[in-house]
Amino acid sequence: ASSIELKGMRKRFGKDTVALDGVDLTIEAGEFFTLLGPSGCGKTTLLRILAGLEEPDDGSLLIGGTDITDIPPHRRSVNTVFQSYALFPHLSVRDNLAFGLRMRGESVAERERKVAEVAEFIHLGPLVERRVDQLSGGQRQRIALARALICEPDVLLLDEPLSALDAGLRGQLQVELQRIQKRLSMTFVFVTHDQDEAMVMSDRIAVLDGGIIQQVGTPSEVYEHPTNAFVARFMGHDNLFAIHGSQDDWVDTELGRLRLDMSEQRPDQDGWLLIRPETLELDVEIPADSNRLEGVVKERLYRGSRVEYRLDVNGQTLMAVASNLGQRLHGVGDRVTIGVCPEDLVRVA
Ligand code: ADP
Ligand code: MG
C-alpha cells in the first residue's frame with residue numbers, strides 16, 4: 001500500500017468550470033478513503049488526476065512519497081474501477097480477469113492460480129467459463145472489481161462502482177469490498193455521492209463541494225461534528241437552526257433560547273445549531289440543567305425499528321426519532337415536551 005499526497009491541486013475545464021479549486025489532501029497507506037459529494041463537485045476529476053488520465057493545471061501529486069505528477073498512467077501503480085464496467089463482453093470471465101496478468105507476462109500457472117483465488121473471493125467461482133455478456137449487471141460489476149484487484153496495485157481507485165446496483169447486492173458488496181481492502185491492505189480511494197455508503201465503508205471521508213474540500217474526518221467526526229451547514233445537510237441532517245446571538249453557554253435560535261456545553265464547541269462555528277433527531281427525548285422528566293421545548297406532532301412516520309416525528313416548535317420544523325421499544329406512540333396533534341441535552345448540541349459554521 002502507498003500513501004497519497006495532493007498539494008494545491010487545481011483543474012479547470014474551459015473558462016468557467018472550476019472542477020478542483022485548490023485541493024490539499026493526505027491519504028494514509030492502507031486507508032479506505034472516500035471522496036463524498038454531490039454530482040459535479042469534482043470527485044471524478046480528482047480520481048482521474050490520481051490515475052494520470054487528467055492533467056492538473058496546478059498542484060502536485062505524491063504517491064508513496066514520490067512525486068508522480070508527470071508520470072504517465074501506465075507507469076503508476078494505480079488501478080481504476082469505473083462505474084461503467086469496461087469489460088470485454090465477448091470474452092469469458094476467466095479471460096477478462098487474466099487480461100492484465102497476461103499483459104504483464106505472468107505464467108499460465110500463475111494466472112490460473114490468481115484467477116481462481118480472486119473468482120472465489122467475489123463468489124463467482126462457478127461462472128469463470130461464462131461469457132461476460134451472459135451475466136447480470138451485478139455480476140459484471142464484481143468482475144470489474146476482481147479484474148482491478150487481481151493485479152494488486154498499491155492504490156485502487158473506485159468511481160461509484162456500486163451505484164448502478166440494487167440495494168441488496170449493493171449492501172453485500174459494500175461489506176465484501178471492505179473486507180477485501182483490509183485483507184490486501186491496499187489504499188482504496190472510493191468515490192460516492194451516497195453518505196450512507198460513505199459512512200458504512202470508510203476509514204475517513206473527504207466531503208467535497210464546488211471543487212473544494214469542506215471537511216475531512218472519520219465517519220463519526222463528519223456526521224457528529226460537521227464543520228459547516230453544507231456538510232451537515234449533505235450528511236442527512238435536517239435539524240439546522242440559525243443562531244441569532246449567543247452569550248456564555250446560551251444561544252438564541254429560531255427554536256428559542258438553548259443552553260450548550262461550550263467546552264464541546266469549536267470557536268469559529270456560530271452560524272447554525274445542529275440537533276440530532278435521535279438525541280431528543282419526548283415526554284420524559286427533564287433535568288433542571290437541560291433544555292425544554294414545547295411542540296406539536298405534525299406528522300408521524302412509523303419505520304418499524306424506530307418512529308420519526310415531525311414536530312412544530314415555535315413555528316419551526318423539528319425532527320425527532322424515537323426507538324420503537326415498547327414506548328407509547330405520540331399521535332398527530334399531540335402536544336409534547338422535548339428534552340434537549342446541552343451536550344448533544346453542536347454549532348456549525
Ligand atoms: P463529479 O464526479 O463529482 O460528479 P466531475 O469531476 O465529473 O464531478 O466534474 C466536475 C465539474 O467539471 C463539473 O462541472 C463537470 O461538468 C466538469 N467537467 C468534468 N469533466 C469535464 C470535461 N472533460 N470537459 C468539460 N467539463 C468537465
Ligand atoms: Mg463522477
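Couple of notes before you dig in:
- Counting only Cβ charges, +1 for Lys and Arg and -1 for Asp and Glu, the dipole size of the range 237-348 around its Cα centre is about 520 debye.
- Label-to-label distance, Arg102 versus Gln134, with points set 7 angstrom from Cα along the beta-carbon direction: 1.8 nm.
- Lys, Arg +1 and Asp, Glu -1 on Cβ, resulting dipole of the chain about Cα centre, debye, nearest 20: 1480 debye
- Take every pair of alpha-carbon atoms less than 8 Å apart whose residues are at least six positions apart; their mean separation over the length of the chain yields a relative contact order of 17 percent.
- Per-residue ³J(HN,Hα) for the range 259-269, Karplus 6.51 cos²θ - 1.76 cosθ + 1.60, θ = phi - 60°, Hz, x for Gly and Pro: 8, 10, 9, 5, 5, 8, 9, 8, x, 8, 10
- For Glu54, the residues whose amide H sits under 5 Å from its own are Ile49, ignoring neighbours fewer than 5 places away on the same chain, with H placed 1.01 Å from N.
- Derived scalar couplings ³J(HN,Hα) [the range 272-288; Karplus, 6.51 cos²θ - 1.76 cosθ + 1.60; whole Hz; x for Gly, Pro]: 9, 10, 9, 10, 7, x, 6, 8, 7, 10, 9, 6, 10, 5, 9, x, 4
- Within a Gaussian network of the chain (alpha carbon springs, distance under 10 Å), most fluctuating of Thr80, Thr34, Thr337: Thr337
- Relative contact order for the range 175-320, counting Cα pairs under 8 Å that sit 6 or more residues apart, in percent: 14 percent
- Fraction in percent of alpha-carbon pairs per bin - 5 Å, the range 150-228: 3, 13, 24, 24, 19, 13, 4, 0, 0
- Once backbone amide H atoms are built at 1.01 Å from N, Thr253 has His244, Leu258 as its partners under 5 Å, excluding neighbours fewer than 5 places away on the same chain.
- Helix-only mean residue ellipticity at 222 nm for the chain, each DSSP H run of n ≥ 4 adding -39500 (n - 2.57), per residue, nearest 500: -7500 deg cm²/dmol
- Computed lengthening from Arg306 to Arg233, 0.36 nm per intervening residue step minus Cα-Cα distance: 24.2 nm
- Using θ = phi - 60° and Karplus 6.51 cos²θ - 1.76 cosθ + 1.60, couplings along the range 8-19 (whole Hz; Gly, Pro as x): x, 6, 10, 8, 10, 10, x, 8, 9, 8, 9, 7
- Distant alpha-carbon pairs in the chain (separation over 35 angstrom), percent: 38 percent
- Put simply, the C-alpha atoms of the range 237-348 give a gyration tensor, and the ellipsoid matching it has half-axes of 25, 14, 13 Å, longest first.
- Model label zone, Arg259; criterion: amide N under 11 Å from point 7 Å along Cα-to-beta-carbon; scope the range 320-349: 341-343
- With the simple spin-label model, which puts each label point 7 Å out from Cα in the Cβ direction, the Lys182 to Arg10 separation comes to 4.1 nm.
- When its C-alpha radius of gyration is set against 2.2 N^0.38 Å (N residues), the range 132-269 gives a value of 1.38.
Laboratory data are not the source of any read-out in this text; all were calculated from the coordinates shown. Just so you know, these numbers come straight off a predicted model, no measurement behind them. Because the Cβ atoms are built from the backbone with ideal geometry, glycine has one as well, and the counts that use them run over all protein chains shown.
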